[in-house]
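The values are calculated or read from the model by the stated rules, or taken from the named source; none is laboratory data. On a predicted model such as this, the values are computed, not experimentally measured, just so you know. So basically every Cβ, Gly included, is an ideal-geometry build from the backbone, and we count neighbours across all protein chains shown. Surface accessibility is based on the protein's heavy atoms, side chains included, excluding ligands, DNA and RNA. Shrake-Rupley method; radii C 1.70, N 1.55, O 1.52, S 1.80 Å.
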Amino acid sequence: MTADLVLTDVTHEAGGRTLLADVAVTFPAGSMTALSGPSGSGKTTLLSIAGGLVRPTVGAAAHGEEPTWTGSGDPRPDVAFVLQVYGLVPVLSAAENVSVALRARGLAPAEADERALAALGRFGIADLGARQVEELSGGQMQRVALARGLAVGAAVLLADEPTSELDETNRAHVLAELRAEADRGAVVVVATHDPAVVAACDHHVSLDDGRVVLDERGGSRGSAVDGLAPRPPEAPEAPRPAVAARPAEAPRPAEAAVDGSRGSAVDGLAPRPPEAPRPPEAPRPPEPVAPDPRADDGEDPHAAFRRPPGAP
Ligand SMILES: Nc1ncnc2c1ncn2[C@@H]1O[C@H](COP(=O)(O)OP(=O)(O)OP(=O)(O)O)[C@@H](O)[C@H]1O
Ligand SMILES: [Mg+2]
């Protein structure tokens, strides 16, 4: 489905504070929107609401006709996140982290594994597929998270500072891959502090203290990735149709089940202990879990980012 993602008069309060105030913004399908603003201005909170992890105190977010908030804090299958804290399972390999997200959407294990490797190849890390995530560098983990977010071919891709740990070359490749997602019709929103990322986007929305202070349409697409083709895949890759929505009883999307394993300046949380390793030949993928129900109580917009997949 190619439809815009629209936030209508969103206000969000938590901990007695107003984190977002009267936010009305449209993220168009088929283009990239940069979301900028100082640290603490509300970017992550806005993405959480836009993607249905958090119900706003007032107002709503909708993708086409459908509200993104489903009542549970589970994002819908048409929404994929690349999280600021990555949300990877440290004791699984890079390829398993991506494959889990695909299996959770109903792909057979063999196909999921194949597509996981191809997705890692999009970011130049197919050779790291077998490595445990906890052994990777920050920039490598960030690219695994990107591979997982993009592998599923979702109609809405919300990326929270996806290039913060990358060098210029990798940043340019990531921007080219995000552009490819927009070119196939997806809504792409990128929270960022990086002017080069803003310049590479079509639209620019800026927040300050929870309010939209700039909403610039078009004309801002700049030079950062112009002329740069996406990195050729390192693994043979079939055409990438969107992964079908999972059946109602299937496990929840892994990319929505996130953790604080890398922590961040924002959440400041210690990582939770990893769950026990799973053998690669296990018949079922790890069961990602719903975001923390605290996300529903209006108290903690980041609650959904704090629990690792598979936690009780
Ligand atoms: N559970 C909470 N209760 C109250 N305030 C919170 C909570 N979580 C976050 N905040 C506050 O909400 C504001 C917006 O946070 P948010 O993480 O959305 O900012 P951000 O723009 O993503 O920042 P950064 O660039 O550092 O990632 C901050 O002032 C933060 O301290
Ligand atoms: Mg943030």
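Could you list, in sequence order, all residues of region 1-12 that are more than 16 Å from ligand 2 (Cβ to nearest atom), touching a residue at least 60 places away in the same chain (Cβ under 8 Å) and open to solvent by less than 90 Å² (accessible area, probe 1.4 Å)? Of everything in region 1-12, those that are more than 16 Å from ligand 2 (Cβ to nearest atom), touching a residue at least 60 places away in the same chain (Cβ under 8 Å) and open to solvent by less than 90 Å² (accessible area, probe 1.4 Å) turn out to be Ala3, Asp4, Leu5.
Might you let me know whether region 2-10 holds any residue that is at pLDDT below 95 and touching a Gly at 6+ places or on another chain (Cβ under 6 Å)?
Looking only at region 2-10, we keep the residues that are at pLDDT below 95, and these are 2.
Next cut, touching a Gly at 6+ places or on another chain (Cβ under 6 Å) only: 2.
For region 2-10, residues at pLDDT below 95 and touching a Gly at 6+ places or on another chain (Cβ under 6 Å): present.
Restricting attention to region 75-95, the residues that are surrounded by fewer than 24 Cβ atoms within 10 Å (Cβ to Cβ) and not in a loop (DSSP other than H, G, I, E, B) add up to 1.
If we scan region 110-122, do we find a residue that is hydrophobic (A, V, I, L, M, F, W, C), open to solvent by less than 10 Å² (accessible area, probe 1.4 Å), touching a strand residue (DSSP E or B) at 6+ places or on another chain (Cβ under 9 Å) and more than 16 Å from ligand 2 (Cβ to nearest atom)?
If we filter region 110-122 for residues that are hydrophobic (A, V, I, L, M, F, W, C), which is where we start, we get 110, 112, 116-120.
From what's left, open to solvent by less than 10 Å² (accessible area, probe 1.4 Å): 112, 116, 118-120.
Filter again for touching a strand residue (DSSP E or B) at 6+ places or on another chain (Cβ under 9 Å), leaving none.
Among the residues of region 110-122, not one is hydrophobic (A, V, I, L, M, F, W, C), open to solvent by less than 10 Å² (accessible area, probe 1.4 Å), touching a strand residue (DSSP E or B) at 6+ places or on another chain (Cβ under 9 Å) and more than 16 Å from ligand 2 (Cβ to nearest atom), which makes the answer no.
Please enumerate the residues belonging to region 199-217 that are within 15 Å of Ser31 (Cβ to Cβ) and open to solvent by 20 Å² or more (accessible area, probe 1.4 Å).
Residues of region 199-217 that are within 15 Å of Ser31 (Cβ to Cβ), as a first pass: 199-205, 215-217.
Within region 199-217, Ala199, Asp202, His203, His204, Asp215, Glu216, Arg217 qualify.
If you check His204, His173 for being outside any helix (DSSP H, G or I), at pLDDT 95 or above and not aliphatic (A, V, I, L, M), only one passes: His204.
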